[in-house]
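> I have a structure here, written as structure tokens, and I will follow up with some questions on it.
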Amino acid sequence: MSGHATPIPMTARRGGALRGVAQVPGDKSISHRALILGALSVGETRISGLLEGQDVLDTAAAMQGFGAEVTQDGPGAWRVHGVGVGGFAEPERVIDCGNSGTGVRLIMGAMATSPITVCFTGDASLVKRPMARITDPLALFGARAYGRAGGRLPMVLVGAADPVPVRYSVPVPSAQVKSAVLLAGLNAPGETVVIEREATRDHTERMLAGFGARITTEVTDKGRVITLVGRPELRPQAVAVPRDPSSAAFPVAAALLAEGSEITVPGVSQNPTRNGFYTTLVEMGADIAFENPREEGGEPVADLRVRYGALKGVEVPPERAASMIDEYPVLSVLAANAEGVTVMRGVKELRVKESDRIDAMARGLEACGVRVEETEDTFTVHGMGAGNVPGGATCESHLDHRVAMAFLCLGLASRAPVSVDDGSPIATSFPAFEALMRGLGADVGG
Ligand code: S3P
């Protein structure tokens with residue numbers, strides 16, 4: 001969906017303590033993959049707990065464009081009747097992935113080894129984001145891409161009629177790139193090998209194995225070597241999507257910031273390739289407990305119990321970046337309310353997300369009275385101590401859901417209210433954000 005929604009200004013104010021249970025939505029990464037792998041299976045995949053954010057709805061519509069039947073049975077309950085590996089039809093219309101980098105990149109991978117021609121586009125944020133990181137490896141399979149300058153959308157991708165398997169070392173720590181190559185490898189004969197120096201989220205590997213592909217991961221001194229045998233018959237699955245640790249980060253942060261709070265966030269994925277934010281919170285001295293650890297939908301999950309308390313600044317090491325890449329905006333808000341300095345290293349990938357997240361957070365934090373420093377690859381926030389941020393500014397969300405939610409969390413702890421110019425992007429990943437936060441007692445609204 002690339003239409004420009006009317007901007008929705010939103011404001012958050014300091015108020016009472018937050019209390020209650022926060023049922024956060026299903027994991028965005030797993031939701032995209034469940035729809036795509038369902039479409040690549042022969043028969044009917046059933047999904048429960050699907051995130052019904054706009055990003056995922058755009059992927060569902062795209063899968064219909066490729067010939068899969070996608071049906072909603074109830075809230076979070078979906079069925080995908082797939083066409084099988086190599087069975088994608090050529091869509092009649094442009095595939096519009098809206099705001100979603102994950103959606104467009106994974107779908108490009110999934111179609112790149114089929115003899116079809118597809119035109120992709122997205123919203124004002126997505127058309128600025130780099131796609132060469134995807135189309136370069138897809139060219140090795142035999143696919144051809146024709147995009148705007150700098151490899152930007154809109155773009156036409158001509159799938160390889162006679163694909164060859166590929167051995168590819170991912171040059172940037174990106175699960176989207178790794179996943180696009182693996183999905184392309186599904187319809188190439190022989191073995192496709194992806195090597196990643198730094199571990200990134202491993203949902204694609206876990207789910208491909210669950211759908212019956214032969215895939216192995218070997219940990220070597222060069223990094224993770226992932227080998228996929230092409231042309232499997234994927235078997236439809238029942239996918240139970242765990243709750244998203246990246247969305248959970250917002251109510252968790254709000255509870256850490258609003259004096260006297262105590263909340264529970266049940267069933268949150270604690271996949272070790274995703275939980276760097278929670279490791280960092282523990283190092284900052286956060287009062288957080290991980291209760292009832294168990295497995296759900298093939299992922300480790302826990303119930304999080306979070307209480308308000310003082311935080312201290314920390315150094316976040318570069319090797320942790322991939323496991324918390326989407327959590328840095330809200331971490332910078334917590335850092336502003338901590339005692340001492342927080343230094344986030346190895347974070348240059350933040351510059352090519354839905355917005356340049358270092359720049360977006362730095363400008364908004366400065367407008368709220370916080371001292372920050374940045375280099376290309378480092379973001380430093382000078383903490384002012386709990387509740388001491390002046391606030392009183394309107395911050396720009398730059399069409400970025402996580403930037404908008406992070407500044408609204410800041411408003412819950414600041415001396416004066418904090419506004420965002422546009423909260424509409426929040427619907428891409430967390431449509432019930434405002435209702436959930438208000439249900440906990442937060443003063444957040446449009
Ligand atoms: C995602 C990977 C990450 C993350 C995005 C979701 C995924 O992007 O930022 O929100 O589902 O694979 P990169 O892989 O480009 O770092």
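Values quoted throughout were computed directly from the atomic coordinates according to the rules given, and no laboratory measurement underlies them. What you are looking at is a predicted structure, and each value in this text was computed from that prediction instead of being measured. Glycine also receives a Cβ, built like all others from the backbone with ideal geometry; neighbour counts cover every protein chain displayed.
> Angle check, please: helix 54-65 long axis (alpha carbons) against the longest principal axis of the chain (alpha carbons), in degrees 0 to 90, nearest 10.
10 degrees
> For the chain, take the longest principal axis of its alpha carbons; what is the angle in degrees between that and the long axis of helix 245-257, to the nearest 10 within 0 to 90?
Taking the Cα atoms of the chain, the angle to 245-257 is about 0 degrees.
> Explain nothing, just the number: relative contact order of the chain, from Cα pairs under 8 Å at least 6 residues apart, as a whole percent.
Relative contact order here is 19 percent.
> Zone of ALA416 (label point 7 Å along Cα→Cβ, backbone N under 14 Å): which residues in the range 355-393?
366-370, 389-393
> Over what distance in Å are the Cα centres of the range 246-318 and the range 40-61 separated?
Here the answer is 27 Å between Cα centres.
> Starting from 0.36 nm per residue, how many nanometres of slack lie between ALA209 and VAL341 once their C-alpha separation is accounted for?
43.3 nm
> May I ask you to order 404-411, 436-443, 172-179 by the average number of other C-beta atoms within 10 Å around their residues, highest value first?
With the highest mean Cβ count within 10 Å placed first, the list reads 404-411, 172-179, 436-443.
> I want to check the label-to-label distance for ASP443 and THR121. Put each point 7 Å from Cα in the C-beta direction and report it in nm to one decimal.
Each label point lies 7 Å from its Cα, and together they span 4.3 nm.
> Also, quick follow-up: Report the label-to-label distance for ARG93 and HIS382 in nanometres (one decimal), using points 7 Å from each Cα along the Cα→Cβ vector.
So the label points at ARG93 and HIS382 sit 5.2 nm apart.
> Along the range 265-272, what does the Karplus equation 6.51 cos²θ - 1.76 cosθ + 1.60 (θ = phi - 60°) give for ³J(HN,Hα), rounded to whole Hz, x for Gly and Pro?
So the Karplus estimates, Gly and Pro as x, are 10, x, x, 8, 4, 10, 3, x Hz.
> Same structure again: Counting Lys +1, Arg +1, Asp -1, Glu -1, what net charge surrounds GLY445 among other residues with beta carbon under 10 Å of its beta carbon?
Spelling it out: positives minus negatives among the neighbours equals 0.
> Same structure again: Antiparallel as a % of all DSSP beta bridges within the range 326-414, to the nearest 5?
Counting DSSP beta bridges with both partners in the range 326-414, the antiparallel share is about 100 percent.
> Residues with beta-carbon under 15 Å from that of THR280, excluding THR280: net charge, scoring Lys, Arg +1 and Asp, Glu -1?
The answer is -2.
> Still on this structure: So how do 254-267, 116-129 stack up, highest first, on mean other-Cβ count within 10 Å?
254-267, 116-129
> Between ASP422, ASP359, ASP55, find the one with the highest GNM mean-square fluctuation for the chain; connect C-alpha pairs within less than 10 Å.
ASP359
> In nm, what is the difference between 0.36 nm times the number of residues separating GLU191 and GLU218 and their Cα-Cα distance?
Working it through step by step, the gained length comes to 8.3 nm.
> Taking the Cα centre as origin and putting +1 on Lys and Arg beta-carbons and -1 on Asp and Glu beta-carbons, what dipole magnitude results for the chain, to the nearest 20 debye?
It comes to approximately 280 debye.
> The range 28-240: Rg/Rh from Cα coordinates, Kirkwood Rh?
Here Rg/Rh amounts to 0.93.
> Too long at a 18 Å Cα-Cα cut-off: which of LYS128/LYS353; LYS178/LYS353; LYS128/LYS348; LYS28/LYS312; LYS178/LYS222?
Over 18 Å apart, Cα to Cα: LYS28/LYS312.
> Report, in degrees rounded to the nearest 10, the 0 to 90 angle that the Cα long axis of helix 401-411 makes with the longest principal axis of the chain.
10 degrees
> OK, next. Over the chain, how many percent of alpha carbon pairs lie in each 10 Å bin up to the one with the longest distance?
Pair shares across the bins are 5, 22, 32, 25, 12, 3, 0.
> Taking the Cβ-Cβ separation of ARG231 and ARG294 as r and a Förster radius of 30 Å, what is the calculated FRET efficiency to the nearest 0.05?
For ARG231 and ARG294, the calculated efficiency is 0.25.
> Tabulate in residue order the Karplus-calculated ³J(HN,Hα) for the range 416-422, using 6.51 cos²θ - 1.76 cosθ + 1.60 with θ = phi - 60°, rounded to whole Hz; enter x for Gly and Pro.
The phi angles translate into 10, x, 10, 10, 10, 5, 8 Hz.
> For ALA132 paired with LYS348, estimate the spin-label separation in nm (one decimal), with each label point 7 Å from Cα along the Cα-to-Cβ line.
Distance between label points: 1.4 nm.
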